[in-house]
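This report refers to the structure that appears directly beneath it.
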Amino acid sequence: MPVSHCLCALRPSVPTRAGVCLLMADIEPLKPSNTGWLIADVVADTFAFGWARTVVDPALLALLADPQWQPYVVFPAEFVDPARVVTEVAPVSGKRPLFVLLDATWPEARKMFRKSPYLDALPVLSLQADHASRYQLRRSTRSEHFCTSEVAALCLALAGEAQVAAVLAAWLDVFTHHYQRAKHQLPADPTCEPHLHLQALCAAPAVQLP
C-alpha cells in the first residue's frame, strides 16, 4: 500500500482467545492483494510459515505440538477422509483453538494439503458458509472460494468470537477500499461505509473472553 493510503493508524485492537497459523505458499506473502497479514493485524496470536514440500520449519512442528493449542486444518470436506472432518469448534479443556490456514491459490492449497504429512493427524475443519465471498481483489473460478482473511473470520465465528470475526471482516473491507482507491489514484474516503462500520465495531464494548 502506498504511504498515501496507509492503514496503520486504523488497525483495530480486540481481544481474542483463538490463534491462526498461516502456511504460505511460494510468493504468496509478496502479493499486494494477500490478506493473510490482515489476520495478523487483528488476531494477536498469528503465526506464519513458508511452505516447502521437502523441508518443515521446526518452529511449526513445535507450535502444532504445543499443549496450549488444539489445531484444526481448515480445508473442504469433499477432499478429506470423513473420519477426520469436523464442522464445529468444540471446547477442549485447557486448550485454545488454532486454525491452520493454507494461504495459497486453490491448486497450490490442494498440493500443500496432500504433501504435508505433519498435518495428517490433525482434525480438518470444513466450513459451511451461508454467504458468498465479498473479496474483490482477485477472481476465482469457484464462487464458494473465500480469501484467507474471510476464512479466518468464519473460523473465529465458529469458535464463539463473533466480535473478532466481525472486526476482521470489516478490516478487510477497509483494506479493499484503500487498495482500490490507491489503484485508481483516488484518495481514501474516511467517511465511507467500511470506515464507519469498522469504527462502530471498535467502539463497542469488548467481549470478555474466558
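Quick notes
- Whether region 27-67 is rounded, prolate or oblate, judged on the alpha carbon gyration tensor where a/c under 1.5 counts as rounded: oblate
- Across region 1-120, the fraction of Cα-Cα pairs farther apart than 18 Å, rounded to a whole number, is 57%.
- Pair GLU78, ALA203: separation of 7 Å Cα→Cβ label points (nm): 4.3
- For the chain, the Kirkwood hydrodynamic radius comes to 17.9 Å, computed from all pairs of different C-alpha atoms.
- Here the chain is scanned for GluC sites (Glu not before Pro) in DSSP loops (not H, G, I, E, B) that have at most 15 other Cβ atoms within 10 Å, and the longest stretch holding none of them is 1-87.
- Rolling a 1.4 angstrom probe over the protein heavy atoms with all chains in place gives the chain an accessible area of 54 Å² per residue.
- With every protein chain in place, region 1-106: carbon and sulfur % of accessible area (1.4 Å): 59
- About its Cα centre, the chain has a charge dipole of approximately 360 debye under the convention of +1 per Lys or Arg Cβ and -1 per Asp or Glu Cβ, with nothing else charged.
- The chain, relative contact order [Cα under 8 Å, separation at least 6], %: 27
- Put simply, region 49-127 fits an ellipsoid with semi-axes of 20, 17, 10 Å; these come from the alpha carbon gyration tensor as the roots of five times its eigenvalues, largest first.
- Computed lengthening from GLN180 to LYS115, 0.36 nm per intervening residue step minus Cα-Cα distance: 19.9 nm
- Counting Lys and Arg as +1 and Asp and Glu as -1 over every other residue whose Cβ lies under 12 Å from the Cβ of GLY36, the net charge comes to -3.
- Neighbour net charge for ALA18 - beta-carbon separation under 12 angstrom, K R +1, D E -1: +1
- Calculated FRET efficiency for the pair ASP57/CYS8, C-beta based, R₀ 22 Å, to 0.05: 0.20
The values are calculated or read from the model by the stated rules, or taken from the named source; none is laboratory data. Because the structure is predicted, anything quoted here is derived from the model rather than measured. Glycine also receives a Cβ, built like all others from the backbone with ideal geometry; neighbour counts cover every protein chain displayed. Note: areas computed on protein heavy atoms with side chains; ligands, DNA, RNA excluded. Shrake-Rupley method; radii C 1.70, N 1.55, O 1.52, S 1.80 Å.
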